[in-house]
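S.K.: Just dropping this structure here.
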Amino acid sequence: MTHHFAVIDLGSNSARMTIWSIDQDVVKPVKRLKEMVRLSEDMGTSRTLQPAAMDRTLKALQGFKAELDKYEDISLKAVATAAVRQAKNQKAFLKRVKNEVGLTISVIPGTREAEYDFLGVINTLPIQNALIMDTGGASTELVLVQNRKLQHLVSIPFGSVNLSERFLSPDVISAAEYFSLSTFIHQTFNSVWWLRRAQNLPIVALGGSNRTLAKIERRKEKLADFEAIHGYRMPTQQANSIFKEILSSDLTTREAIPGLAKYRADIIVGGLVPVISMIRYLDSDRLTFSQCGLREGALYDHLNSRAVEQREH
């Protein structure tokens, strides 16, 4: 008996949906949709979702809903992360989503997001000890994994969109801007007491900004499937040299870098400073990239709870 399970992940920069078919033990992705909605754009210190960003997001969700309606036997988990979590007008926005799109979206705490990231990674990559780092548009999740177990986690309220808006010019980035941003990030890392325990561990990198490093490198190596980066490993000197190229480019030059999506060019520096800073902070010798994060974690959570139900019957 095949049934379908879908996860909508409404982030600060992108809205994504994956639909899987589940037939006993065989789980297959059947549809993946992604829209760059930039929901956290111009939220500023007032923490208010702006009309244009909300409209873009509603339009994307309507597209997702039309796709969901094609499936008869489908269960949906729809979650919103940092932008909606931080928004003062969260209730009004979620009400619009319910009324105009017909979707009920639950806002999950950053700790839950980190748990899903952990489930997505641990079920798909052979890692023993690592720091999982998921840099999103308005939050960054960190998870310390020791002997394949989740030891510590934290969600930090910064990401590619809000760091870029707060610290950086969209075009040419000055030394002073970069210095202010990296100092701020370093101070934030210092406030996470358990982070020192991740010293010298590899970093498992998630999130669109972090994955861009892998895509650029794979394009350079002329690999045909440059998008297929799950499990791809990169020595830190390669990551540093790609970052240096991005940092020293103006916006037009960044937009032309193969593997760097044009719509990300204005926030890519803000999106990469956290992981580049973390490499130094931990003296880590490599990054491993994961395509599996929140959505896959929610899938494994769903499969686990189904297995428990079946055992209890």
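S.K.: Out of (1) of a type in the set (S, T, N, Q); (2) in contact (Cβ under 8 Å) with a residue 60 or more places away in the chain; (3) surrounded by 12 or more Cβ atoms within 10 Å (Cβ to Cβ), what's the single condition that is false for THR2?
M.R.: Condition (3) is where THR2 drops out.
S.K.: List pairs: first residue in the range 188-200 and basic (Lys, Arg), second residue open to solvent by 70 Å² or more (accessible area, probe 1.4 Å) anywhere in the structure, Cβ distance under 9 angstrom, at least six positions apart or on different chains.
M.R.: Cβ pairs passing all conditions: ARG197/GLN151.
S.K.: I'd like to check something: does the range 17-34 contain any residue that is under 15 Å from GLY137 (Cβ atoms), at pLDDT 95 or above and either crowded, with 16+ Cβ neighbours inside 10 Å or β-branched (Val, Ile, Thr) (or both)?
M.R.: So far as the range 17-34 goes, no, none of its residues is under 15 Å from GLY137 (Cβ atoms), at pLDDT 95 or above and either crowded, with 16+ Cβ neighbours inside 10 Å or β-branched (Val, Ile, Thr) (or both).
S.K.: Quick check on the range 274-313: of everything there that is open to solvent by 20 Å² or more (accessible area, probe 1.4 Å) and in contact with a Lys or Arg (Cβ under 9 Å, 6 or more places away or on another chain), which residue is nearest to LEU247 (Cα to Cα)?
M.R.: Result: ARG286.
S.K.: Checking the condition in a strand (DSSP E or B), hydroxyl-bearing (Ser, Thr, Tyr) and either in contact with a Lys or Arg (Cβ under 9 Å, 6 or more places away or on another chain) or not assigned by the TED database to the domain that holds ASP266 (or both), which residue from SER40, SER21, SER46 passes?
M.R.: None of the other options fit; the residue is SER21.
S.K.: Further, regarding this structure: What residue, among those in the range 106-145 that are crowded, with 22+ Cβ neighbours inside 10 Å and touching a Cys at 6+ places or on another chain (Cβ under 8 Å), is farthest from LEU282 (Cα to Cα)?
M.R.: Among residues in the range 106-145 that are crowded, with 22+ Cβ neighbours inside 10 Å and touching a Cys at 6+ places or on another chain (Cβ under 8 Å), the one farthest from LEU282 (Cα to Cα) is GLY120.
S.K.: Same structure, new question: So in the range 197-228, with the set limited to residues that are assigned to a loop (DSSP other than H, G, I, E, B) and closer than 30 Å to SER169 by Cα, which one is farthest from the chain's Cα centre (by Cα)?
M.R.: Restricting to residues being assigned to a loop (DSSP other than H, G, I, E, B) and closer than 30 Å to SER169 by Cα, the top hit is PHE226.
Residue-by-condition table, conditions (1) in the same structural domain as LEU247 (by the TED database); (2) open to solvent by 40 Å² or more (accessible area, probe 1.4 Å); (3) aliphatic (A, V, I, L, M):
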residue	(1), (2), (3)
LEU150	yes, yes, yes
ILE156	yes, no, yes
PRO170	yes, yes, no
LEU181	yes, no, yes
PHE184	yes, yes, no
GLN187	yes, yes, no
ASN190	yes, yes, no
LEU195	yes, no, yes
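S.K.: Still on this model: Which condition number in (1) β-branched (Val, Ile, Thr); (2) over 16 Å from the mean Cα position of the chain (by Cα); (3) open to solvent by less than 20 Å² (accessible area, probe 1.4 Å); (4) at pLDDT below 95 is the one that ILE246 fails?
M.R.: Single failed check for ILE246: (4).
S.K.: Hey, another quick one. Would it be correct to say that LEU272 is assigned by the TED database to the domain that holds SER139 and part of a loop (DSSP other than H, G, I, E, B)?
M.R.: Taking the combined requirement at face value, the residue does not satisfy it.
The values are calculated or read from the model by the stated rules, or taken from the named source; none is laboratory data. Because the structure is a prediction, the values reported are computed rather than measured. Neighbour counts run over all protein chains shown; Cβ positions are idealised from the backbone, glycine included. The accessibility values were calculated without ligands, DNA or RNA, using every heavy atom of the protein model including side chains. Shrake-Rupley method; radii C 1.70, N 1.55, O 1.52, S 1.80 Å.
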